[in-house]
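Reviewing the structure listed below.
The values are calculated or read from the model by the stated rules, or taken from the named source; none is laboratory data. Quick caveat, the model's predicted, so the values are computed rather than measured. Neighbour counts run over all protein chains shown; Cβ positions are idealised from the backbone, glycine included.
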Amino acid sequence: MPVVDSERVTVFHLFGELLAYTTRSEVPAAYGEIGIVAVLDPEASPGLPWLLAARFCRERDQTEQYAQWITSQAARARVSGGGRLVELQAAKWEFEKHKEHRFTALYFNHEILRTGTMRVVGLDLVPLKTQARTRRRYCPP
């Protein structure tokens, strides 16, 4: 996994699970058309965001709605601070993709959602995991 420099990363918890959110661009305009939501805990499944979406979305929802839910939770943490634990302005990180979803239309200005596992260089996960777990409000899937 290559290390990416100087990207804004929002570290947040979702029902006690430690996640990170950032955006990427694959075009020179760099408008963040790719949303990345990743687990930070190396012991957690990279599919965790999708498991949470399946659990907390409506029974009739499908992959598109799950991807919207995941993106909404990450954006909520960034914009309103709900569940946000730390906001890193110049983070170096590595990402391993688990799943990718292309939205049928722009969603939170994203064309694509990528989920997987992230490692933020120099970030101590121990206190963040403790904070996230003390705020757990459900039984894990």
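Could you say which residue among A30, A20 is at pLDDT below 90 and of a type in the set (A, V, I, L, M, F, W, C)?
A30
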Original post:
Do you know which residues across region 46-76 are hydroxyl-bearing (S, T, Y) and surrounded by fewer than 15 Cβ atoms within 10 Å (Cβ to Cβ)?
Top reply: T63, S72
Original post:
Is it true that Q65 is in a helix (DSSP H, G or I), touching a strand residue (DSSP E or B) at 6+ places or on another chain (Cβ under 7 Å) and at pLDDT 95 or above?
Top reply: no
Original post:
Given (1) within 14 Å of T10 (Cα to Cα); (2) more than 16 Å from the chain's Cα centre (by Cα); (3) in a loop (DSSP other than H, G, I, E, B), where does R136 come up short, assuming only one miss?
Top reply: (1)
**OP:** Within region 77-111, count every residue that is in a helix (DSSP H, G or I) and surrounded by 18 or more Cβ atoms within 10 Å (Cβ to Cβ).
**Re:** 2
Original post:
Cβ-Cβ below 9 Å, separation at least six or inter-chain, first residue in region 11-25 and over 16 Å from F56 (Cα atoms), second hydroxyl-bearing (S, T, Y) and modelled with pLDDT of 90 or more: which pairs?
Top reply: V11/Y21; F12/Y21; L19/T10; A20/T10; Y21/T10; Y21/T71; T22/T10
